[in-house]
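A short write-up of the structure that comes next.
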Amino acid sequence: MTRVQVQGIVKSFGDTLAIEGVSLDVRPGELFTLVGPSGCGKTTLLRIIAGLLDQDTGSVIFNEDRMDDVPPYLRNIGVVFQSYAIFPHLTVAENIAYGLKARRVPADRIAAKVAEVGRLVQLEGLLDRMPSQLSGGQQQRVVLARALVIEPRLLLMDEPLSNLDAKLRVQIRSLIRAVQRELQITSIYVTHDQEEALAISDTIAVMDRGRVLQVGKPWELYLRPANRFVADFIGTMNVFHGRADEIRVDGDLRTFVTSFGEQWRVPAAGAPQKPGSATAVGVRPESLGFERRANAEEAWNSFTGTVAEAAYLGAVVRYQVQVADGPSVTAEIHNPDFASIRAVGDRVTLWFSASRVVLLPEQPGEA
């Protein structure tokens, strides 16, 4: 298995700085995802790792081998791009075998490898078909098989599911994950879809404007985002701007945040050290519940508003609640009782547990 280290990569296109001193460490056998908005630099970084672009400064290392001067065809990598790039005049088997033929692998060995990889990506019975006879999902499996059949040391995937419909995306991403785990091949995956990143990854790096803002497990980024950008990009986050203070309650010093006239008890960990400093309380929609709770800790963290929207989605009801002199808040109630579903115009009280709060230091211009 291959460990990939990216050390201090910088890349500019004219006066535009595309990658700004990025360093990453991809562990052997893991699926590592670069996620971020369009133009954040994730595809540029992937192409540098592949050797398709030269960095201005910095290094790419596979295990102990520095790859900076190694051409792409000697890096032994499999690449799956957004476009299928399938040869229309070749059969499925011939498309899969293309890389092996270029390496002058014996014919009997090619046939065995194509059959083996065909089974792995669930293309049995389709190897003799032409690409025009395949669905979009089947064509993507051909591309994946072609990348895997050469037994690469590293698999790179750049938005591989963007041409598929929603249902196929879920199916193919599950297949990619299952194959990657079975082969234990180190893989780097690029996507702008945060749900896709959460579902498929061992580790995620969130990028914006050429920089890596946070690296962690999917649940770490979701539950403990390092900043406002990550909180907004990975999932949905209600953000309440306010002022942090320490107040003594029953002899204990507690941290509170005052926002749009409400005062909430929040975890002391991560709170601003200076009393009165600006901060923001981040609360996920599923962490909000209806009605004030009797528990003293939970009773602190509540507010009242009016239901502006109510969308019944089967397993969840998604509400938009407008707070007077405050923000519009998204709340999600899972496994709803039909009789308790609120209607547009209803007055409701929402509460949240202090343990589910994320404190986000204010950045200039965010308040």
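The values are calculated or read from the model by the stated rules, or taken from the named source; none is laboratory data. Keep in mind the model is a prediction, meaning the values are calculated, not measured. When we count neighbours, we look across all protein chains shown, and the Cβ atoms used for this are built from the backbone with ideal geometry, even at glycine.
Only residues that are part of a loop (DSSP other than H, G, I, E, B), at pLDDT 90 or above and closer than 23 Å to R181 by Cβ were counted across the stretch 76-121, and they come to 2. Cβ-Cβ distances below 6 Å connect the following pairs, each with a first residue in the stretch 199-213 that is over 20 Å from R177 (Cα atoms), a second residue that is part of a loop (DSSP other than H, G, I, E, B), and a separation of six or more residues or different chains: M207/G36; M207/C40; M207/G41; D208/G36; D208/C40; G210/G41. Can we say I19 is within 27 Å of Q184 (Cβ to Cβ) and of a type in the set (V, I, T)? Criteria not met by I19. Which of the residues belonging to the stretch 1-17 are surrounded by fewer than 20 Cβ atoms within 10 Å (Cβ to Cβ) and either acidic (D, E) or not in a loop (DSSP other than H, G, I, E, B) (or both)? Q5, Q7, G8, V10, S12, F13, D15, T16, L17 - these are the residues of the stretch 1-17 that are surrounded by fewer than 20 Cβ atoms within 10 Å (Cβ to Cβ) and either acidic (D, E) or not in a loop (DSSP other than H, G, I, E, B) (or both). Taking (1) modelled with pLDDT of 90 or more; (2) out of contact with any Phe, Trp or Tyr (no Cβ under 9 Å at 6 or more places or on another chain); (3) part of a helix (DSSP H, G or I) in turn, L127 satisfies each apart from (3). For the stretch 319-357, name all the residues that are hydroxyl-bearing (S, T, Y), loosely packed, with under 15 Cβ neighbours inside 10 Å and modelled with pLDDT under 90. Those that are hydroxyl-bearing (S, T, Y), loosely packed, with under 15 Cβ neighbours inside 10 Å and modelled with pLDDT under 90: S340, T349, S355. Residues being of a type in the set (V, I, T) and over 23 Å from V10 (Cα atoms) are represented in the stretch 101-110 by at least one member.
What residue, among those in the stretch 53-98 that are surrounded by 16 or more Cβ atoms within 10 Å (Cβ to Cβ) and without any contact (Cβ under 8 Å) to a residue 24 or more places away in the chain, is farthest from R27 (Cα to Cα)? If we take residues in the stretch 53-98 being surrounded by 16 or more Cβ atoms within 10 Å (Cβ to Cβ) and without any contact (Cβ under 8 Å) to a residue 24 or more places away in the chain, then E94 is farthest from R27 (Cα to Cα). Restricting attention to the stretch 36-67, the residues that are closer than 21 Å to R211 by Cβ, outside any helix (DSSP H, G or I) and either among the charged types (D, E, K, R) or touching a helix residue (DSSP H, G or I) at 6+ places or on another chain (Cβ under 9 Å) (or both) add up to 8.
May I ask you to verify whether T33 is in a loop (DSSP other than H, G, I, E, B), touching a residue at least 40 places away in the same chain (Cβ under 8 Å) and not hydrophobic (A, V, I, L, M, F, W, C)? Taking the combined requirement at face value, the residue does not satisfy it.
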